[in-house]
Amino acid sequence: KSFQNERNLQHTAKEQRNEKMGDQMIYFIAQSRVTWLNSLPAEQREAVESLRAPYHAEDTRDAKKAEHLAVFNECDANNDGLLDKAEFSVYLMKEHEKRTAQGVPV
């Protein structure tokens with residue numbers, strides 16, 4: 001029984017480390033995005049901002065969420081509801097392709 005308790009504690013510690021790493025990754029991505037956005041010329045920054053508007057408008061928000069969920073589900077190869085590193089890379093590539101097609105600087 002103590003072996004099982006030890007395994008549970010190790011598993012919990014691993015989950016906590018993974019959660020902390022995930023938080024750090026999100027922070028890094030957000031900071032990188034802000035830095036990138038601020039580095040753009042005004043015209044390109046406006047193009048990016050024009051794409052963000054539908055995510056905030058009440059009448060188009062749900063459709064935009066559905067678009068992202070569809071791409072997320074397409075990238076979630078093992079259907080576990082999470083994206084591992086490989087799946088996340090595919091997701092980022094698809095988002096990059098979509099933005100490029102829309103004429104948004106990436």
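The values are calculated or read from the model by the stated rules, or taken from the named source; none is laboratory data. Since the model is a prediction, treat every value here as computed from it, not as a measurement. So basically every Cβ, Gly included, is an ideal-geometry build from the backbone, and we count neighbours across all protein chains shown. Each accessible area value is taken on the protein alone, full model and side chains, heavy atoms only, with ligands, DNA and RNA left out. Shrake-Rupley method; radii C 1.70, N 1.55, O 1.52, S 1.80 Å.
Computed values, structure above
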| read-out | value |
| --- | --- |
| If the convex hull is drawn through the Cα atoms of the stretch 15-106, its volume per residue in Å³ | 116 |
| Accessible solvent surface per residue of the chain, calculated while the other protein chains remain in place, 1.4 angstrom probe, Å² | 81 |
| Debye, to nearest 20: dipole size of the chain, +1 on Lys, Arg Cβ, -1 on Asp, Glu Cβ | 380 |
| Percent carbon-and-sulfur accessible area, the chain, ignoring ligands, DNA and RNA, probe 1.4 Å | 57 |
